[in-house]
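Have a look at the structure below, then the notes.
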Amino acid sequence: MDKDKITLQEETNDGQSVFLYYDAMAGVYLAYGLSAYYTTMVTDPYMSYSELMHMPVALLRRNHIKDLRQSLVKLEHTQKQYYHFQTRQKIGKEGYERWAQALLAKQYAV
């Protein structure tokens, strides 16, 4: 996974894109930033905050991917590497910052 590419995609997310990246070591897909936020509107992934990426991260299992495939439009997919989905309507970034800060605070409250 290319940290710079992920960061750029999430910073320029148009409010309709969900990007997933495959982590071969863990065998799961990961969504960062706004993409992670948008996944929570469709499914219930395991959420954390990536200190390396400085943004929220969602860990998605096979059943989560199935939920996303049923609810979103698949634009691009490379097996065990990458997904690019599009929401049916623009979601926007409202609430994202508050959500991300709450997730970060929850992680460090333990």
* Scan the stretch 54-110 for residues that are part of a helix (DSSP H, G or I), surrounded by 10 or more Cβ atoms within 10 Å (Cβ to Cβ) and among the hydroxyl-bearing types (Ser, Thr, Tyr) and jot them down. => 71, 96
* Structure fact -> Of the conditions (1) in a strand (DSSP E or B); (2) surrounded by 14 or more Cβ atoms within 10 Å (Cβ to Cβ), the single one that residue 13 does not satisfy is (1)
* **Neighbours by Cβ (under 6 Å, 6+ apart or cross-chain): first from the stretch 5-16, under 12 Å from residue 38 (Cα atoms) and in contact (Cβ under 8 Å) with a residue 24 or more places away in the chain; second surrounded by 12 or more Cβ atoms within 10 Å (Cβ to Cβ) and hydroxyl-bearing (Ser, Thr, Tyr)** => 10/32; 16/87
* Asked: Would you call residue 31 aliphatic (A, V, I, L, M), at pLDDT 95 or above, surrounded by 15 or more Cβ atoms within 10 Å (Cβ to Cβ) and not in a strand (DSSP E or B)?
  -> no
* To do: Give the stretch 76-94 a look and list any residue that's more than 13 Å from the chain's Cα centre (by Cα) and in contact (Cβ under 8 Å) with a residue 12 or more places away in the chain, or say none.
  => 80, 81, 88, 89, 90, 91, 92, 93
* To do: Could you please let me know if residue 49 is out of contact with any Asp or Glu (no Cβ under 7 Å at 6 or more places or on another chain), in a strand (DSSP E or B), buried (at least 16 other Cβ atoms within 10 Å of the Cβ) and modelled with pLDDT of 95 or more?
  => no
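The values are calculated or read from the model by the stated rules, or taken from the named source; none is laboratory data. Just so it is clear, the structure is predicted and the values come from calculations on it, not from any experiment. Here the Cβ is made from the backbone with ideal geometry for all residues, glycine too, and neighbour counts use every protein chain on show.
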